[in-house]
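Read-outs: derived from the displayed coordinates by stated rules, not from any lab. All figures in this text were calculated on a predicted structure; none of them were measured in a lab. A quick note on method: Cβ atoms are made from the backbone with ideal geometry, for glycine too, and the neighbour counts reach across all protein chains shown.
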Amino acid sequence: MKEQRLRFKTSSPGGRLDVTLVTHAPDFSRSRLQQLIRSGFVKVDDEVIIKPGFRLDGGETVEVIIPPPIPSKLQAESIPLDIVFENEDIMLINKPAGMVVHPSAGHASGTLVHAALAHAPDIMGVGGEKRPGVVHRLDKDTSGLILLAKNDTAQNELQAQFKKREVGKTYLALVDGGPPTPAGRIEAPIGRDPGHRKKMKVLSPGKGREAISIFHVLESFPRHTLLEVNPKTGRTHQIRVHLAFLGCPVVGDRDYGQRKPTLPVERMFLHAAALTFTLPGDDQARSFEAPLPSDLKMVLDQLRKT
């Protein structure tokens, strides 16, 4: 595949270079265009500009060179996938607990991305070499619905929906104890835990990033509660951190809850049960669901019998 070139004149009143590029190259995400700017692939009036925030006055000639994708070192792996929905733009997958979404330290193979590449080779290079097709993420031990984009246009559209908080996310969580009220809204900023760099923590206002979770009780048991949680933001470990902050950590969450699970579970009881979003090219939102996995259903059935 050869490099592509895009050349255009800016209109008044100008503005940020990266924002202007987004309007002229809608098939590429803003982060991808910022990467091109920083790498020297963008000229303004024949001068290379490497600052995404460079201010345009209007009337300048902008040239963008889009190099061919770098061959990825990722190898497709024939791993079965539970595909809930698929078309030419997306794959909606019911991810099993224990599967990592994309390659990272200690997880060089066997990820969702490796499996997706075997099923849909065209996602190679979509959104970046290391995380092709990834729109959002789930923790390794969280099961449930996750979206993958099959082209740059779809990824750009879906990420924009997440950023604008237009995606409805529903999780089921069984917690130790219970919240102080049958329903509520948690607004508590989250950031990296200063004492444990691999963990997150609720921080004082101004120090963490905004994080909002809405919950309501579905079922109550003597020592546990089943909650439906709707996160309005997408911070790392958000639901787990917020529920622990509320005093009712997720059952089986050894990082933020009890070191020894209070019920016979091999992982945390957290499941991404539903997603509501607009398919690229459509104008009406659709909802999709993933049933509770058998291991979690078994724990819940046992609680209902006691």
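Listed values, structure above:
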{"item": "Angle between the chain longest axis and helix 152-163 axis [Cα atoms, degrees, rounded to 10]", "result": "50"}
{"item": "Förster-model FRET efficiency, 25 Å R0, residue 104 and residue 223, C-beta, rounded to 0.05", "result": "0.10"}
{"item": "Spacing of the two label points (7 Å from each Cα toward its C-beta) at residue 86 and residue 278, in nm", "result": "2.6"}
{"item": "Relative contact order (%) - criterion: Cα under 8 Å, at least six apart; region: the stretch 168-305", "result": "26"}
{"item": "Simple Cβ-charge dipole of the chain, Lys/Arg +1 and Asp/Glu -1, about Cα centre, in debye nearest 20", "result": "1220"}
{"item": "Proportion of all alpha-carbon pairs of the chain beyond 36 Å (%)", "result": "26"}
{"item": "Crossing angle, helix 294-305 versus the chain [Cα axis fit, 0-90 degrees, rounded to tens]", "result": "30"}
{"item": "Label zone at residue 287 (point 7 Å along Cα-to-Cβ), backbone N below 11 Å, the stretch 261-279", "result": "274-277"}
{"item": "Amide H partners (placed H, <5 Å) of residue 134, local residues excluded", "result": "149"}
{"item": "Shape call, the stretch 168-305: gyration tensor on alpha carbons, a/c limit 1.5", "result": "oblate"}
{"item": "Whether the stretch 1-139 is rounded, prolate or oblate, judged on the alpha carbon gyration tensor where a/c under 1.5 counts as rounded", "result": "prolate"}
{"item": "Value of relative contact order over the chain, rounded to a whole percent, pairs C-alpha under 8 Å and six or more apart", "result": "14"}
{"item": "Three-way shape label, the stretch 232-306, alpha-carbon gyration tensor, a/c 1.5", "result": "oblate"}
{"item": "Chain lengthening between residue 24 and residue 304 when straightened (0.36 nm per residue, less Cα-Cα)", "result": "95.1 nm"}
{"item": "Per-residue [θ]222 nm for the chain (sum of -39500 (n - 2.57) over DSSP H runs n ≥ 4, rounded to 500)", "result": "-5500 deg cm²/dmol"}
